[in-house]
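J.: Here it is: the structure, laid out below.
The values are calculated or read from the model by the stated rules, or taken from the named source; none is laboratory data. Only a predicted model underlies this, so the values are computations on that prediction, with no experimental measurement involved. Neighbour counts are summed over all protein chains in view; Cβ atoms, including those assigned to glycine, are modelled from backbone coordinates with ideal geometry.
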């Protein structure tokens, strides 16, 4: 379903910047003044497979490369090196609300974001009340999204993204959005998808949710895989390392 072979992702970080036309002109003729770059490898030689119906957790400290990996699998980013093979329709829930126009109302954004996800207007018409009900935002349908809290925006985005059961679900810290009630509702929706056979790649700092949901775990550090395997065993080992035990 998902296969990565020797995938690496490189970014060039500017150490100094040229701010004016004059400085740019000088830098053109003066090698010492040219903008310097520093290579940063967010991922390095990452290889793994996820089979159909598997729920795989990604753990690791901040900056380990987890979110970058999800973006590479989702096709948002093209890897610098290596090969990514994905068979199936992906629903990426990486940056909820990224497809929203903040000047438009919630009602308008349901249709806008739905179309970005590939839903037809007829389909959105049919599912509109279901989306609104799940988001718990019926009283705010005609308010601009720019006035929403981050939790309200995430609720709306989650409700739109999960209106269908995708073949592959890419999830980044979704179960931590909104209030406790909505987090429980999101968790139940995830479990419903998993039971329906959806393949899931799931990032979370909550080891308890990883243990509850995932069949196996991939532990990343500094863009490289530390271990792949048994969920409880690796989560426990990761926790001890984080706590300096």
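J.: Residues of the stretch 198-231 being assigned to a loop (DSSP other than H, G, I, E, B) and under 13 Å from residue 50 (Cβ atoms), which ones?
T.: Within the stretch 198-231, 198, 214, 215 meet the criteria.
J.: Taking the stretch 36-57 as the search range and keeping residues that are assigned to a loop (DSSP other than H, G, I, E, B) and on the phi < 0 side of the Ramachandran plot, which one is modelled with the lowest pLDDT?
T.: So, considering only residues that are assigned to a loop (DSSP other than H, G, I, E, B) and on the phi < 0 side of the Ramachandran plot, the one modelled with the lowest pLDDT is 36.
J.: State yes or no: is residue 53 closer than 25 Å to residue 195 by Cβ, surrounded by fewer than 21 Cβ atoms within 10 Å (Cβ to Cβ), out of contact with any helix residue (DSSP H, G or I) (no Cβ under 8 Å at 6 or more places or on another chain) and without any contact (Cβ under 8 Å) to a residue 24 or more places away in the chain?
T.: So residue 53 fails the test.
J.: Being in a helix (DSSP H, G or I) and under 21 Å from residue 64 (Cβ atoms), is that true of even one residue in the stretch 175-193?
T.: The answer is yes; a qualifying residue exists.
J.: Follow-up question, since we're still on this one. Scan 100, 128, 123 and give me the residue that is without any contact (Cβ under 8 Å) to a residue 24 or more places away in the chain, closer than 25 Å to residue 75 by Cβ and out of contact with any strand residue (DSSP E or B) (no Cβ under 9 Å at 6 or more places or on another chain).
T.: Result of the check over 100, 128, 123: 123.
J.: Also: Tell me yes or no: at least one residue of the stretch 20-35 is at pLDDT below 95, under 30 Å from residue 150 (Cα atoms) and surrounded by fewer than 16 Cβ atoms within 10 Å (Cβ to Cβ).
T.: No: zero hits.
J.: Next question. Taking the stated definitions as given, is residue 209 in contact with a helix residue (DSSP H, G or I) (Cβ under 6 Å, 6 or more places away or on another chain) and either crowded, with 18+ Cβ neighbours inside 10 Å or more than 23 Å from residue 68 (Cα to Cα) (or both)?
T.: yes
J.: Moving to a separate point now. Can you name every residue in the stretch 222-242 that is surrounded by 14 or more Cβ atoms within 10 Å (Cβ to Cβ) and either under 22 Å from residue 194 (Cβ atoms) or in contact with a helix residue (DSSP H, G or I) (Cβ under 9 Å, 6 or more places away or on another chain) (or both)?
T.: Of everything in the stretch 222-242, those that are surrounded by 14 or more Cβ atoms within 10 Å (Cβ to Cβ) and either under 22 Å from residue 194 (Cβ atoms) or in contact with a helix residue (DSSP H, G or I) (Cβ under 9 Å, 6 or more places away or on another chain) (or both) turn out to be 223, 226, 227, 228, 231, 234, 235, 238.
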